[in-house]
Every structure is written in C-alpha cells, then in structure tokens.
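Colleague: Here you go, one structure.
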Amino acid sequence: MSSQTELPTQSRGTWRTLAHLLWLVLVVAQIALWVVGQTVRILNPYPDCLRQICDPMEFGAQDLTVIRAMDWSPAIVTLILNGGEIALGLAFFALAMIIFARRRSEWIALLVAYVLVFLGALLFTSANDALGRVDSFRVLPLDFLFGLGLTAFVMLLFVFPNGRFVPRWSVVFLLPTLPIALV
C-alpha cells in the first residue's frame, strides 16, 4: 500500500503529457490571437461601425463626436479602455499560470486554467472583434477557439469543484454544447 494517495482528478503518465501539451497549444494560440487583436485595437481604436460589424459595446468612429462634446480627449478614453482590457486579460492569464504551475497534475486545474485564459483572451475583450474586422481568415481559428472555450466553460460549471458530474446523468446537458459551440 502506498503512503501517497492519488486524487481522483489527477492524470497519469502519457495522458498527463498529452493534456499539458494540448493545454499549452490552445493557451498559446488564444494568447497570440489576443495580442494581435489588442495591437489592432490600439492601432485602430475607433473603427467605422457603419461599414463594418462592430461589437455594440465598442466605441466606434461615430462615438468620437459624443466624446468630444463631453470635452473628453479621445486619446485618454482609448488609453483607459485599452489599458483596462489589457490589465484584465493579464490578470486572467497570471491566475491561470499560477493554477497551472501549482496543480498541473490535476485535470480539473487544467480545465479551470484553460477557462480563465478563455475568459481573458476571448470572452471579456473586444480584441477578437477587432481581429475579425481586419482579417476574415482569422475568424475561423477565433470561432474554433471560442467554441472550445465555451464548451470548457459549460463543462466547468458541471464538474467544479471536485471534477465529477453530480448527478452523473448531468453529462447529458454537456453533449448538446459541443456541436452548438463548434458550429
């Protein structure tokens, strides 16, 4: 009998290596797209939302008159919005890296860390919208990663905190999210 007890959410051997590699690839892809999207947002902070599809919460070129009428500097508004979004993303990424560094042998920790990166890189940001406006080719990887992240988020709602579906039949609710999120 071993003196060390293995937690039920721990992965072993080859599966652990594959899970770490998959996690790393997906996280690097999300963060890379986020960085490119943030760069696009900084270079073009006020897109023309009449000619392009924009996020309703995003400031567009049409909002510049309102910003100026309120006697605010568009540069300061841009700095505040982009700075806040970048700080929020970096906070999510840092928390995910701490979880990964401390608990990477547990699959539930990998799931939580992945969902945190998803929230910071794709959900709570306008960088993905900016990236989609500039290059429609990047919309496919964004949509794939968004669907995967959304599925991971829904799964996390069912398995948190112990990594098990309770009740067991609740896995049925996760199955429809896979094709919906990926389509």
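The values are calculated or read from the model by the stated rules, or taken from the named source; none is laboratory data. The structure displayed is predicted, hence computed values, not measured ones. Because the Cβ atoms are built from the backbone with ideal geometry, glycine has one as well, and the counts that use them run over all protein chains shown. Heads up: the accessible areas ignore ligands, DNA and RNA and are worked out on the full protein's heavy atoms, side chains in. Shrake-Rupley method; radii C 1.70, N 1.55, O 1.52, S 1.80 Å.
Colleague: Considering only protein heavy atoms, with the full assembly of protein chains and a 1.4 angstrom probe, order Thr14, Thr78 by accessible area, largest first.
Modeller: Values: Thr14 100, Thr78 25 Å².
Ranking Thr14, Thr78 by accessible area, largest first, yields Thr14, Thr78.
Colleague: Once phi is turned into ³J(HN,Hα) by the Karplus curve 6.51 cos²θ - 1.76 cosθ + 1.60 with θ = phi - 60°, what whole-Hz value does each residue of segment 67-72 show in order, with x for glycine and proline?
Modeller: Each residue of segment 67-72 in turn: 4, 5, 5, 7, 6, 9 Hz.
Colleague: In the chain, carbon and sulfur make up what percent of the accessible area (probe 1.4 Å)?
Modeller: Working: 8040 of 11440 Å².
Answer for the chain is 70 percent, counting heavy atoms of protein chains only.
Colleague: Under a GNM of the chain (C-alpha, springs under 10 Å), which listed residue has the highest mean-square fluctuation: Ala127, Ala94, Ala109?
Modeller: Looking only at Ala127, Ala94, Ala109, the largest GNM fluctuation is found for Ala94.
Colleague: If you don't mind, there's one more thing I want to ask. In nm, to one decimal, how far is the Leu90 label point from the Thr65 one, both placed 7 Å along Cα→Cβ?
Modeller: It works out to 3.6 nm between the two label points.
Colleague: Have a look at segment 73-183 and give its Rg and Dmax from the Cα atoms, expressed in angstrom.
Modeller: 16.3, 55
Colleague: Got a sec to turn the phi values of segment 96-112 into Karplus ³J(HN,Hα) couplings, 6.51 cos²θ - 1.76 cosθ + 1.60 with θ = phi - 60°, whole Hz, x for Gly and Pro?
Modeller: 5, 5, 5, 4, 4, 5, 8, 10, 5, 7, 9, 5, 5, 5, 5, 5, 4
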